[in-house]
Amino acid sequence: MRNTLSWAGLLIFLLAADSAFAETDPTKPARTKRVFTNDDLSKFGEKYGSDAAPTQIPSPNNTNTTSTAKPSEKAASEPKIPASEQQAYWVGKLKQAETTLQKAKADQAKYAGALEKFEQKRRDAQTDFQKNLSQNQVADSLKNLARASEEVKQAEKKKAKLLADMAQKGFKLEELGKGPEASGQQE
């Protein structure tokens with residue numbers, strides 16, 4: 001009897017394991033593949049910033065012999081990135097720095113609000129457990145707030161350094177505010 005029960009238990013276990021591995025969720029649709037074009041990637045780079053600006057291939061109907069001759073002469077003496085690509089690079093970097101700064105400030109505000117909430121809980125605490133719990137929550141919130149404040153300082157330093165680098169390279173914030181899209185539309 002005992003031997004039969006152990007075999008029956010083993011059989012049930014194997015059937016359960018087999019059904020667990022064999023089942024797939026029929027309600028989930030199959031993931032479709034998405035193909036990204038160069039335009040999609042350049043829009044993503046403009047929106048979120050990128051370390052290297054994508055190279056743009058000029059369209060065949062927009063050929064200008066005078067503009068192609070001058071860069072080739074300069075390229076022999078000093079390799080330079082076109083101004084529009086440099087501008088796109090700096091715009092991307094600036095957006096990235098501003099996003100980081102905004103996120104750090106949002107975290108700082110969140111932790112400041114949590115600190116106020118936990119301090120109120122500590123004032124309203126009646127039992128020793130509530131007092132200890134709220135005291136620990138206040139201490140954790142203070143640590144988080146100090147860390148978030150340091151992140152804000154670091155983000156502001158990085159942004160200031162980026163702006164200084166931009167000024168050193170000859171780009172002004174007002175020029176970058178227009179962005180490469182505006183200069184492309186004016187042509």
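The values are calculated or read from the model by the stated rules, or taken from the named source; none is laboratory data. Only a predicted model underlies this, so the values are computations on that prediction, with no experimental measurement involved. Heads up, the Cβs are rebuilt from the backbone with ideal geometry, glycines too, and the neighbour counts pull from every protein chain shown.
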Scanning segment 18-44 for residues that are within 27 Å of the chain's Cα centre (by Cα) and of a type in the set (Lys, Arg), the one modelled with the lowest pLDDT turns out to be 31
Of (1) part of a helix (DSSP H, G or I); (2) among the polar types (S, T, N, Q); (3) within 23 Å of residue 171 (Cα to Cα); (4) modelled with pLDDT under 90, residue 72 satisfies every one except (3)
Residue ID - nearest to residue 145 (Cα to Cα), chosen from residues in segment 98-123 that are among the aliphatic types (A, V, I, L, M) and touching a residue at least 40 places away in the same chain (Cβ under 8 Å): 104
Cβ-Cβ below 8 Å, separation at least six or inter-chain, first residue in segment 124-142 and free of Cβ contacts under 8 Å to residues at least 12 places away in the same chain, second of a type in the set (Ser, Thr, Tyr): which pairs? 125/134
